[in-house]
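What follows is one structure encoded as C-alpha cells, with my remarks underneath.
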Amino acid sequence: MSQNKNKIPNDFQRKGLELINSLVSLSESVFFLVEPDMQHRGAVVFDSRSDIEKQYTTTYGRMDPLNPERFSDTDDLVVTLDSQMAAHLLKQTIYYQEFMVPNNHRYVADMFFRHEGQIIAVLSMLREERLGNYSEEELQLLRKLQPFLEYSLKSVYLPKRHKERLSIYEKYGLTERELDVIELLLSGTSNKEIAVELSLGLATVKTHLHHIFQKTSVQSRSELVAKVLLDLQS
C-alpha cells in the first residue's frame, strides 16, 4: 500500500480505503477532500503512485467526466465513468488517451460524500481493463456502504481535522492559508508541490513559510514539523 504521510488526521481516509479494497477488487483508489472552491485537497492514495495524483490535480482533473463539480447539484452516491460517457466517446478524449491509458486505468467508480448538500469528499475507485467493469451487485454494495462512511467522515474525521487546525491557529495566530501550507509540509511536500496544490506562486509559498517560521519561532522546515507534531500530540 502507498499513501501520503500527512500527520494531520487522515486515519479515516486510510481505513476507508482499506475497507473498500477488502470488499471489491481494485487496481488503485484515492480518497480526497473537496474544498468549498471545488479544489482537490488532502488526498490519500492506496496502491497508487503519488505522481499520478499530482498529474490529476494539476492537469487532468478539470477534464474528468466524474469531476465532483459536475455532480454538485445531484444526490448521486456512487457513479461510474461508463454511466456518464459511452466507451467509444470516452476513448476519443484527451483525458482517456493522455491520463487514463498511460496509468492503466479503464473503469472508474466515484463515491461522493456531502454535507448540507455540498460535496466535501470523494472516494475514487479505479480498475485496469483485466478486472472488468463494476457489476450491479458491487455498485449496490458500495451504495449501502456510502451512508456509513459519510456519517463517520462528518462526525469523526472532519471535526478532528478542524480541531487540530484550530489548536495550531490559536497557538500561533496563523492564517488559513498558512495552516494549509503547514498541512502540506507535514506530508513531506516540497515548496514547488505546495505551490501547485494551493495554486500559488513559488515566491508566495516562500513568503508564507517565512511568516510561519517567524510566528512559530523556528528556523527550518524540519524544526517546524517537529514542533507542530509535538503540539498536536500534547
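A short reminder: the numbers here are calculations on the coordinates, not readings from a lab. Owing to the predicted nature of the structure, the values given are computational and were not obtained by experimental measurement. Using ideal geometry, Cβ is built from the backbone for each residue, glycine included, and neighbour counts are taken over all protein chains shown.
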Quiz item: Does Lys160 fit the bill of being charged (D, E, K, R), farther than 20 Å from Gly16 by Cβ, surrounded by fewer than 18 Cβ atoms within 10 Å (Cβ to Cβ) and in contact with a helix residue (DSSP H, G or I) (Cβ under 9 Å, 6 or more places away or on another chain)?
Solution: no
Exercise. Among the numbered conditions (1) of a type outside the set (A, V, I, L, M, F, W, C); (2) surrounded by fewer than 13 Cβ atoms within 10 Å (Cβ to Cβ); (3) without any contact (Cβ under 8 Å) to a residue 60 or more places away in the chain, tell me where Ser199 comes up short.
Key: (3)
Quiz prompt | Among residues of region 158-177, those that are farther than 25 Å from Gly61 by Cβ, assigned to a helix (DSSP H, G or I), touching a residue at least 12 places away in the same chain (Cβ under 8 Å) and not β-branched (Val, Ile, Thr), counted | solution = 5
Practice problem: From (1) surrounded by 12 or more Cβ atoms within 10 Å (Cβ to Cβ); (2) part of a helix (DSSP H, G or I), pick out the condition that doesn't hold for Gly188. | Solution: (2)
Quiz item: Here are Arg70, Arg62, Arg114, Arg127: which of them is under 17 Å from Leu26 (Cα atoms) and among the basic types (Lys, Arg)?
Solution: Arg127
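Within region 155-170, can one find any residue that is of a type outside the set (A, V, I, L, M) and within 25 Å of Met85 (Cα to Cα)?
no
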Quiz item: Can you name the residue in region 164-182 that is surrounded by 13 or more Cβ atoms within 10 Å (Cβ to Cβ) and among the acidic types (Asp, Glu) and, of all such residues, is farthest from Val218 (Cα to Cα)?
Solution: Glu164
